[in-house]
């Protein structure tokens, strides 16, 4: 973690330096939020922009939901595109297509509040604070403000480009403040205690990896938990139980990605997971050449809801704990390999993620998650998706051309048996 310690030190120095600049004074810091916006947008000095931007962010974060709505709607009105200027620039460019006129169109076709967000991003911890701001904007559920959500997402896709991200291994020696985040952000299989966390991080046959952004060094963006096993277990409980038998890492032939968690709602829409899984798989293969199988152990979060709509008799039987294995398998195959969606993508969100990344459906497991959550969302059914590193890119391209879910010979046989 020394890399991040260096970044943290640098950020702290920058913050102290900013405090010194603030004390020297670069103009009035307005408590009227609209005047504070004008100060940020009108200043041309780099340091004064930082001072004004941090002050404005503080004011924004103090607003309640109604105040935030009003502030954002004022931004839309006061810093929208000036259509007269834009039309003039378009006309000039049509007459003289040079670089200068093109640049004028680029500037005048963009709302001024986008430049405001860029300037806010330059303040201390500005990137993280804007991620949290997008979370708040999304929670307001106001259609008029959706443009802020979309434009911030577009900016974030540049700022969180995968080439900027740093892959770090999370283990029992990782600083406690980051381990607390792992417990908090775990979205698939709840971590109920420090003993539970230790069982996932300390044993040599259990590993965890996370992406960090250099400007948010103390907070993971996404992490994946990995079990190193001999073969594929048929139950998630065998992977996460506290009293399981640990194996020697040299005996492992399979890496199972059994939980992947996005950490920030403010970054929804940015696909970190596909890069994370493929990079971790490549790193593990390099470190442990005997690993010959990379699979997931994945939930089916929408399965019971789908059955309720498309297979109500089976749903009713499962609700009464009276459905047969054959009808459960048949419905699971149909749910995972057919599509009722307009875009032809898999019904299941987890399947959309893995199949879209170039994985293939390897196996369906009954009674694989007997937890309350597992029974409620999928009647205990889980799936394995295989990441064959030699063909994932090819699978990805083929799937997006024909929307046919690639499956193993075992799944193919089950499809024929159950006439799916």
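None of the figures in this text is laboratory data; all of them are computed from the coordinates on show. Because the structure is a prediction, the values reported are computed rather than measured. Glycine also receives a Cβ, built like all others from the backbone with ideal geometry; neighbour counts cover every protein chain displayed.
For region 164-417, give the share of DSSP beta bridges that are antiparallel, in percent and rounded to the nearest 5; count only bridges with both residues there.
Values: 28 of 33 bridges.
Within region 164-417, antiparallel bridges account for around 85 percent of the total.
For the chain, the longest principal axis of the alpha carbon atoms and the long axis of helix 126-140 meet at an angle near 70°.
The spacing between region 318-391 and region 266-316, judged by their C-alpha centroids, is 10 Å.
Could you put 95, 167 in order, starting from the residue whose Cβ has the fewest other Cβ atoms within 10 Å? Let's see the in-between values first.
Details: 95 8, 167 13.
So the ranking, lowest neighbour count to highest, is 95, 167.
Principal-axis analysis of the Cα atoms of the chain puts helix 146-159 at an angle of about 80° to the longest axis. Between the Cα long axis of helix 83-95 and the first principal axis of the chain there is an angle of about 90°, rounded to the nearest 10.
Rounded to the nearest whole angstrom, the semi-axes of the ellipsoid equivalent to the chain, taken from the Cα gyration tensor as √(5λ), stand at 45, 27, 21, largest first.
Of the residues 152, 336, 87, the one that moves most in a GNM of the chain with alpha-carbon contacts below 10 Å is 87.
Working value for region 66-119: equivalent-ellipsoid semi-axes of 29, 11, 4 Å, each the square root of 5 times a Cα gyration tensor eigenvalue, largest first.
The reciprocal of the average 1/r between distinct C-alpha atoms defines the Kirkwood hydrodynamic radius, which for region 98-246 equals 18.6 Å.
Can you bin region 146-185 into rounded, prolate or oblate? Criterion: square roots of the alpha carbon gyration tensor eigenvalues sorted a ≥ b ≥ c, rounded for a/c under 1.5, prolate for a/b above b/c, oblate for the rest. Don't skip to the answer; put the middle values down first.
Values: a/c = 5.23, a/b = 2.01, b/c = 2.60.
Here region 146-185 falls in the oblate category.
Can you order the peptides 355-363, 33-41, 223-231 by their average number of other Cβ atoms within 10 Å per residue, highest first?
Values: 355-363: 22.4, 33-41: 18.3, 223-231: 20.9.
Put in order of decreasing packing, that is 355-363, 223-231, 33-41.
Each residue of region 229-328 gets 167 Å³ once the volume of the Cα convex hull is shared out per residue. Of interest is the spacing of the C-alpha centroids, which for region 162-184 and region 56-98 amounts to 37 Å. Rounded, prolate or oblate: which fits region 18-159, taking a ≥ b ≥ c as square roots of the Cα gyration tensor eigenvalues, rounded meaning a/c under 1.5, else prolate when a/b beats b/c? Oblate. The coefficient of translational diffusion for region 289-420, derived via Stokes-Einstein from the alpha carbon Kirkwood radius under 4 °C and 1.567 mPa s, stands at 86 µm²/s.
Each stretch of four or more DSSP H residues adds -39500 (n - 2.57); spread over every residue of the chain, this sum gives -16500 deg cm²/dmol at 222 nm.
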